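Structure record follows, encoded as structure tokens.
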Amino acid sequence: MSSAEATATPSDNKRERGGRDRDGKGGKRHDRNSGEPREREESELIERLVGINRVAKVVKGGRRFGFAALVVVGDGKGRVGFGSAKAREVPDAIRKATDQAKRAMIRVPLREARTLHHDIAGRDGAGRVFLRSAPPGTGIIAGGPLRAIFEALGVQDVVAKKIGSNNPYTMVNATFAALKGMQSPRQVAARRSKKVGDIVASREAARGAAEQAIAAAEEE
């Protein structure tokens, strides 16, 4: 044994063994910046299963059956995303679709944290959707995949109508195409170099004119 090995202290031996003590326990520190906030955020997400389909893949030996899941995920505060995935078992397909939806979440501006800022339309293939903002107390007047999206998004008052295809994938894609085009008065004012009050006033004037035209048409 050399003199260096003989004079080695217990602390040196502990460092050489990778920070393990005599009981075999590691000496790792607990990082304060751990993933607790991220885990808490993911646990608060709203998950909605839109649909499950049975799919088949033709291979040399025959057919391999599996399942395709369509999932919508949101935080109820203006962020929402959707994902679709396939797997041999239903739980695996749902888990993969949920992970994909969490990675593809978008931010949608909401008015008063309850409804959309303005009316908008979206289209995907043969499917079209029309989304309209609504006054307080209206609720979510929508069905199928559209309702699942609005519940995950946190919208409380909205009127939605779909025209064309009943395919849930088409309806979800069309709805997200419309939501991506949603703009708040602040964003419009910044783009036009105007004040937010001017944008809101013009919007209310246009809405009032439209309501008067509809009332006049009903009287006739």
Rounded to whole angstroms and listed largest first, the alpha-carbon spread of the stretch 95-135 along its three principal axes comes to 37, 31, 12
Which percent of Cα pairs goes in each bin when the distances of the stretch 52-133 are cut into 10 angstrom slices starting at zero?
17, 31, 31, 15, 5, 1
Could you tell me, in Å, what Rg and Dmax come out for the Cα atoms of the stretch 89-179?
13.6, 43
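Read-outs throughout are calculated quantities, based only on the coordinates presented, and are distinct from any laboratory measurement. Not measured: the values here are computed from a predicted model.
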